[in-house]
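First up is the structure itself, then whatever we jot down about it.
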Amino acid sequence: MAIVPLVRRRLAILLLVLLLPACSSDSGPGTPTGTPSGELLVVVNAPFSRSPYIGESIFRGVTLAIDEINAAGGIKLGDKSYRLAAERLDNALSPQKALANVRSAVERGAAVIVDEGTGVDASWAIADEADIPIGIVYQGGIGLVDPVTKPNVFRITPTDHGIAFRLAEYMLPQDLDVAFLYDDSDYGQQGKLAVDDSFGRVPNSLTAIVAVPSTAPDVTPQVLEARRSGATALLVWARSSTVAKVIRAARSNGWDVPIYTAPSGEDPLVRQQLSDHPEWVDGLTVASGRMTAEKGPEPFLAFMAAYESKFGLEEVGVETADGRTVVQPPDYAMYPYDFVRVFAAAVGAAQTTEGPLVIDALNQVDVQGANGDERGFNEKNHEGVVDDDVYFARFHDMVFDPVQDDPLSSTLETIPQTR
């Protein structure tokens, strides 16, 4: 089934329930080909070669969740327990490669796909035909998730819609003349749609909208175009490598304009690329999903301790001015970690590995996330992060702190980033 009306899906689920006593859940979509019947395969579709930090963060978050679930005895279905196993497939930021990876995941009998987001507009249908849920854990594009037309697609990561509206809410009252730069990646293109919707609601809120080739070695012409527009601030929505090039082009030409970015600005690659001029990173403001919630920093700090115990410190590759090693908090990893745990809860609630019932159960269960927030979905909303859960952090001396001039951000504590 490529697009299944809700009534047909309900009838299919009812039929499966009636047949369960006569059928074994040890086979079918939930049991990988060539693996023991008591093991469920989690396929991670991410850009390991093109964006190693993103890919590894996603895979590590998945691995940590799997290890904890397996250590607790796995997922119990009656008198049987299922263990989880992870396998990585590199999408190389190519929609065509991402689609091929989903086909491969189906052939391997994957129970679930944890996806960075590239190519999901096409690949979701392949997974849907096999009744395999997809969890998007990085890209927040507006059209990627729809519970009606894409019933098997779920997401735990901030949406572009939420980030863009929070940026507009934060930047426009500052009386800034904003030039918007975006690159030609999926990430940048989806970001442009969100910015068009948010800033576009305020007439003349943007002085320029400038496309930046993601493969260009130098983006000085695009930055100069933004400068000539009279901009007093830059908003950059692009892959981390492009963010670093924009900062370099602005600062090396003597333009000390404030720069704001989507979550990619937090990627360690930005600081690595600018390590020869650490002062250029100072003042960079990033909009991202908050690491701590109403319960305080303890849940995330516990998650970070478990993450570092398993994988070691995530060193950025730069130091502070006084020589301290800068480490990256595993905030990119908490979303795949949360999704795997929600998936495991859904299998447990469904008491079967059959895809349609697991997808239905994903609309019913919730768990406490790595930062203390509740993570879960329902039939009308497949977003696991609400739009308001976006905060702003500003860099100084290669580490970032929540800003103090935003009501939400000012309530959050700084997560330790040096050793």
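When you go through L224, L235, L181 one by one, which is the residue that is more than 26 Å from the chain's Cα centre (by Cα) and either within 22 Å of I142 (Cα to Cα) or open to solvent by 40 Å² or more (accessible area, probe 1.4 Å) (or both)?
On the way: L235 fails: more than 26 Å from the chain's Cα centre (by Cα); L181 fails: more than 26 Å from the chain's Cα centre (by Cα).
Step by step, each of L224, L235, L181 is checked, and only L224 is more than 26 Å from the chain's Cα centre (by Cα) and either within 22 Å of I142 (Cα to Cα) or open to solvent by 40 Å² or more (accessible area, probe 1.4 Å) (or both).
Kindly check whether there is at least one residue in the stretch 368-378 that is open to solvent by less than 30 Å² (accessible area, probe 1.4 Å) and charged (D, E, K, R). I'd like the intermediate steps shown before the answer.
Filtering the stretch 368-378 for residues open to solvent by less than 30 Å² (accessible area, probe 1.4 Å) gives 369-373, 375-377.
Of the ones still in play, those that are also charged (D, E, K, R) are 373, 375.
Checked against the condition, which is being open to solvent by less than 30 Å² (accessible area, probe 1.4 Å) and charged (D, E, K, R), the stretch 368-378 yields at least one hit.
Pull up the stretch 36-57, narrow it to residues that are within 30 Å of K80 (Cβ to Cβ) and assigned to a loop (DSSP other than H, G, I, E, B), then point me to the one that is modelled with the lowest pLDDT. Outline the logic, then answer.
Taking the stretch 36-57 as the starting set, the residues that turn out to be within 30 Å of K80 (Cβ to Cβ) are 36-45.
Among the residues that remain, those that are also assigned to a loop (DSSP other than H, G, I, E, B) are: 36-38.
Details: P36: 46, S37: 50, G38: 91.
This residue is P36.
When you scan the stretch 283-301, how many residues do you find that are exposed (fewer than 13 other Cβ atoms within 10 Å of the Cβ) and either within 24 Å of L269 (Cβ to Cβ) or modelled with pLDDT of 95 or more (or both)?
Count: 1.
So E315 clears everything in (1) closer than 19 Å to L274 by Cβ; (2) among the charged types (D, E, K, R); (3) buried (at least 24 other Cβ atoms within 10 Å of the Cβ) except one condition, right? Which one?
Condition (3) is where E315 drops out.
Give the number of residues within the stretch 52-72 that are open to solvent by less than 30 Å² (accessible area, probe 1.4 Å) and over 12 Å from the mean Cα position of the chain (by Cα).
Residues meeting the conditions: 7.
So how many residues does the stretch 133-183 have that are among the acidic types (D, E), in a loop (DSSP other than H, G, I, E, B) and modelled with pLDDT of 95 or more?
Of the residues in the stretch 133-183, the ones among the acidic types (D, E) are 146, 160, 169, 175, 177, 183.
Remaining after also requiring in a loop (DSSP other than H, G, I, E, B): 146, 175, 177.
After this cut, where a residue has to be modelled with pLDDT of 95 or more as well, the list is 146, 177.
Residues in the stretch 133-183 being among the acidic types (D, E), in a loop (DSSP other than H, G, I, E, B) and modelled with pLDDT of 95 or more: 2 in total.
Taking G73 as the residue in question, decide whether it is within 22 Å of A302 (Cβ to Cβ), outside any strand (DSSP E or B) and of a type outside the set (V, I, T).
Values: within 22 Å of A302 (Cβ to Cβ): yes; outside any strand (DSSP E or B): yes; of a type outside the set (V, I, T): yes.
Criteria met by G73.
Quick one: how many residues across the stretch 323-356 are part of a loop (DSSP other than H, G, I, E, B) and either at negative phi or open to solvent by less than 20 Å² (accessible area, probe 1.4 Å) (or both)?
7
May I ask you to list the residues in the stretch 66-93 that are on the phi < 0 side of the Ramachandran plot and without any contact (Cβ under 8 Å) to a residue 40 or more places away in the chain?
Applying the first criterion (on the phi < 0 side of the Ramachandran plot) to the stretch 66-93 yields 66-72, 75-77, 79-91.
N70, A71, A72, D79, listed by residue number.
Residue under question is Y260, and the condition is that it be among the aromatic types (F, W, Y), within 26 Å of R166 (Cα to Cα) and open to solvent by less than 20 Å² (accessible area, probe 1.4 Å); does it hold?
Details: among the aromatic types (F, W, Y): yes; within 26 Å of R166 (Cα to Cα): yes; open to solvent by less than 20 Å² (accessible area, probe 1.4 Å): yes.
In short, yes.
Given the criterion modelled with pLDDT of 95 or more, farther than 26 Å from N381 by Cβ and open to solvent by 10 Å² or more (accessible area, probe 1.4 Å), identify the matching residue among A86, A122, A130. So that I can check it myself, show each step before the final result.
Details: A122 fails: farther than 26 Å from N381 by Cβ; A130 fails: farther than 26 Å from N381 by Cβ.
Result of the check over A86, A122, A130: A86.
Filter the stretch 89-109 for residues that are part of a helix (DSSP H, G or I), open to solvent by 30 Å² or more (accessible area, probe 1.4 Å) and not basic (K, R) and give the result.
Applying the first criterion (part of a helix (DSSP H, G or I)) to the stretch 89-109 yields 95-107.
Right, trim to open to solvent by 30 Å² or more (accessible area, probe 1.4 Å) and you get 95-97, 99-100, 103, 106-107.
Listed by number, the residues that qualify are P95, Q96, L99, A100, V106, E107.
The values are calculated or read from the model by the stated rules, or taken from the named source; none is laboratory data. These figures come from a predicted structure and were not determined experimentally. In this analysis, Cβ positions are derived from the backbone assuming ideal geometry, glycine residues included, and neighbour counts consider all displayed protein chains. Each accessible area value is taken on the protein alone, full model and side chains, heavy atoms only, with ligands, DNA and RNA left out. Shrake-Rupley method; radii C 1.70, N 1.55, O 1.52, S 1.80 Å.
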